[in-house]
Amino acid sequence: MIPLSKPFIEKKDLIYLKKVLNSKILTDGYFQKKCENLIKTVLNSKFVALTNSCTAALEISALLINLKKGDEVIMPSYGFVSIANAVVLRGAKPVFAEIDPLTLNISVSDIKNKINKKTKAIYVIHYAGNSCEIEDIKKISKLKKIYLIEDAAHAFAAKYKKKRLGTIGDIGVFSFHETKNLVSGQGGCISINNKSLIKRANFILDKGTNRLNFIKNFRKKIISANKNNKFYSWVDVGSEYRAPELSSALLYSQLKKIDKIQRQRKKIWLFFKKEIKKLNTNLFRLLVPDANSESSYHLFVIIFNSSVYARKFMEYMQKRGIAATFHYVPLHKSKMASKNFKQRLKITENIYNKIVRLPLFVEMNEKIIKKINSNIKSYVNEQKK
């Protein structure tokens, strides 16, 4: 079976893992700092910290903006569950918004409809690596004086008007899960662009302690005779959010070849786009990214006119050894939301089961690409009979 995704791991990636094992420093090490500095440079961000997952980064964002019971947070329903969990864990209420049927990103008009006095933040997703209408949404957040958080799990190194996604709102979060363009196993990072939130972030990242300041001073050998400087202590809420050194080492190796990875993904994505346009079919269509968006080419999805045809297509491809699947079940349709945050979203409900993901990964050779393309053509031709 040709998988949907496959991490791009080479022998030279192992070199960095061996360096960590030989160093016997498995946390707060050399590669964690190297990665954070590299990402900071790539993003042109004020603050970057590696985390053990994108889920962790989302939870940190909710802590940083002091979400609490009585607060409401607007977010797309069409997205991964971690975005809602981060809010619910703080006692706040997720308010689900519609998506734009062309881009599959959150609808600006529906954000406007759902803002009220209880709204504390807007969480957006840059779906498939394409920017939402982030500029317009930022204007809304500034006007209403509410936080803007970017879930850029799909969109590392993607841009909107030459500015990196994840650096436009107050906070951006990223994923380096094994299904993403760059992988560290199970990892992520947080980019903080609001200066007022940076100081507290280090406490939250270190289980609510001032441990990082202590370690910095210890390594600089400037621990004073003052007994209060000889210890670190509990100063805030927090948890174990930082990335382990082995994950950081793998990510460092991935970051070193980011241009190679992105070039290949773009090449494959554009090939499929060109070939599908040649079909001139009414069965399905492609995403229409925002004109100002420069994609990360994370996903290749097609949107069918009918959920029946979408299901038949998936079955057709899977029988031929090609993974093709639906993506998210909208969060508002879940058992959890139905009990606690019941809503109706007609556009999202009408489209989610018509969206089909196709394989996209760096090591797709010509044989694999041709097999996928020829079977898409065959399916379309069969429907004409």
Q.
Condition (residue is over 15 Å from VAL173 (Cα atoms) and either buried (at least 17 other Cβ atoms within 10 Å of the Cβ) or not assigned by TED's automatic domain parsing to the domain that holds GLY185 (or both)) applied to the stretch 47-54: is it met by at least one residue?
A. no
Q: Evaluate the stretch 303-316: report whether one residue or more is on the phi > 0 side of the Ramachandran plot, hydroxyl-bearing (Ser, Thr, Tyr) and not assigned by TED's automatic domain parsing to the domain that holds GLU135.
A: no
Q. Name the pairs: first residue in the stretch 290-305 and under 26 Å from LYS377 (Cα atoms), second residue of a type in the set (Val, Ile, Thr) and part of a strand (DSSP E or B), Cβ to Cβ under 6 Å, at least 6 apart or on different chains?
A. VAL301/ILE355; ILE302/VAL356; ILE303/ILE355
Q: Within the stretch 346-377, track down each residue that is polar (S, T, N, Q) and touching a helix residue (DSSP H, G or I) at 6+ places or on another chain (Cβ under 8 Å).
A: THR348, ASN353, ASN373, ASN375
Q. Restricting to the stretch 169-191, what's the tally of residues that are surrounded by fewer than 24 Cβ atoms within 10 Å (Cβ to Cβ) and at pLDDT 95 or above?
A. 5
Q) Is it the case that the stretch 246-263 has a residue that's touching an Asp or Glu at 6+ places or on another chain (Cβ under 7 Å), in contact (Cβ under 8 Å) with a residue 60 or more places away in the chain and in the same structural domain as SER23 (by TED's automatic domain parsing)? A) yes
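One line per residue, one yes/no per condition, for (1) more than 22 Å from the chain's Cα centre (by Cα); (2) under 20 Å from LEU17 (Cα atoms); (3) in a helix (DSSP H, G or I):
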position: PHE174; (1), (2), (3): no, no, no
position: VAL183; (1), (2), (3): no, yes, no
position: ILE190; (1), (2), (3): no, no, no
position: LYS199; (1), (2), (3): yes, no, yes
position: PHE203; (1), (2), (3): yes, no, yes
position: LEU212; (1), (2), (3): yes, no, yes
Q. Given the structure, is ILE223 at pLDDT 95 or above, in the same structural domain as TYR30 (by TED's automatic domain parsing) and in contact with a helix residue (DSSP H, G or I) (Cβ under 8 Å, 6 or more places away or on another chain)?
A. no
Q. How many residues are within 23 Å of ALA152 (Cβ to Cβ), polar (S, T, N, Q) and touching a strand residue (DSSP E or B) at 6+ places or on another chain (Cβ under 8 Å) if we restrict to the stretch 1-36?
A. 1
Q: May I ask you to list pairs of residues, at least six apart or on different chains, whose Cβ atoms are under 6 Å apart, with the first in the stretch 70-98 being in contact (Cβ under 8 Å) with a residue 40 or more places away in the chain and the second being part of a loop (DSSP other than H, G, I, E, B) and charged (D, E, K, R)?
A: GLU72/LYS118
Q. Taking the stretch 274-296 as the search range and keeping residues that are under 23 Å from the mean Cα position of the chain (by Cα) and loosely packed, with under 14 Cβ neighbours inside 10 Å, which one is farthest from ALA157 (Cα to Cα)?
A. VAL288
**Q.** Which listed residue, of ILE83, ILE74, ILE60, is outside any helix (DSSP H, G or I) and either basic (Lys, Arg) or buried (at least 24 other Cβ atoms within 10 Å of the Cβ) (or both)
**A.** ILE74
Q. Within the stretch 332-379, which residues are assigned to a helix (DSSP H, G or I), aliphatic (A, V, I, L, M) and either touching a strand residue (DSSP E or B) at 6+ places or on another chain (Cβ under 6 Å) or over 30 Å from ILE74 (Cβ atoms) (or both)?
A. ILE368, ILE369, ILE372, ILE376
Q: Tell me, please, whether a residue that is touching a His at 6+ places or on another chain (Cβ under 6 Å) and either buried (at least 21 other Cβ atoms within 10 Å of the Cβ) or farther than 20 Å from ASN37 by Cβ (or both) can be found in the stretch 104-119.
A: no
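The values are calculated or read from the model by the stated rules, or taken from the named source; none is laboratory data. Remember, it's a predicted structure, so these values are computed and weren't measured experimentally. Here the Cβ is made from the backbone with ideal geometry for all residues, glycine too, and neighbour counts use every protein chain on show.
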